[in-house]
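Where a number appears in this text, it was derived from the coordinates with a stated rule and is not lab data. If you're wondering where the values come from, they're calculated on a predicted model, not measured in any experiment. Because the Cβ atoms are built from the backbone with ideal geometry, glycine has one as well, and the counts that use them run over all protein chains shown.
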């Protein structure tokens, strides 16, 4: 439930006056996501990229909800590309081998192999649709394909967990009846 002081006008991290609507706490190790209206009145989230809350990414509400629904629910972080540029990433768990980092901007646009994402205003922390442009390029991965792999793995794990829980419940019922 939003605090009684919401909504309120506030200067956001980019220096724009925005209407903050709510804070969504998702981890005790990170500051809460901040839900707000951008200067054009579009609903957005500011997502923390570090524990101290010094770096934030901005994403449209619709894209944020869509990505989380697709399984991109990991912590967001900044990661360099080796050439001095930093990009927003999250981890997808693809299988027993563990998590793999993926670019959030690529997931938003749904780009595949041989496509790259450019930032119209030059800010890789601004992940709103108006700032993201897909171009032909030399990308070697299809991040949406990775998202499908991660979802299939998660579904298999959920089925195994449900089967274990059902077996455990059957064992408890058997002991109680006997």
Handout entry: FRET efficiency for residue 152 and residue 40, using Cβ-Cβ distance with R0 set to 41 Å, rounded to 0.05
Key = 0.65
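What ranking do 118-124, 62-68 get when scored by the average of other Cβ atoms within 10 Å per residue, highest first?
62-68, 118-124
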Exercise for the section: With a point put 7 Å past each Cα toward its Cβ, work out how far residue 81 is from residue 144 in nm, to one decimal. Expected result: 2.1
Fill in the blank from the handout: If 133, 93 are placed from fewest to most neighbouring beta carbons inside 10 Å, the sequence is 133, 93
Practice task
Please work out the FRET efficiency for the pair residue 29 and residue 169, using the Cβ-Cβ distance as r and a Förster radius of 35 Å; give the result to the nearest 0.05.
Solution key: 0.60
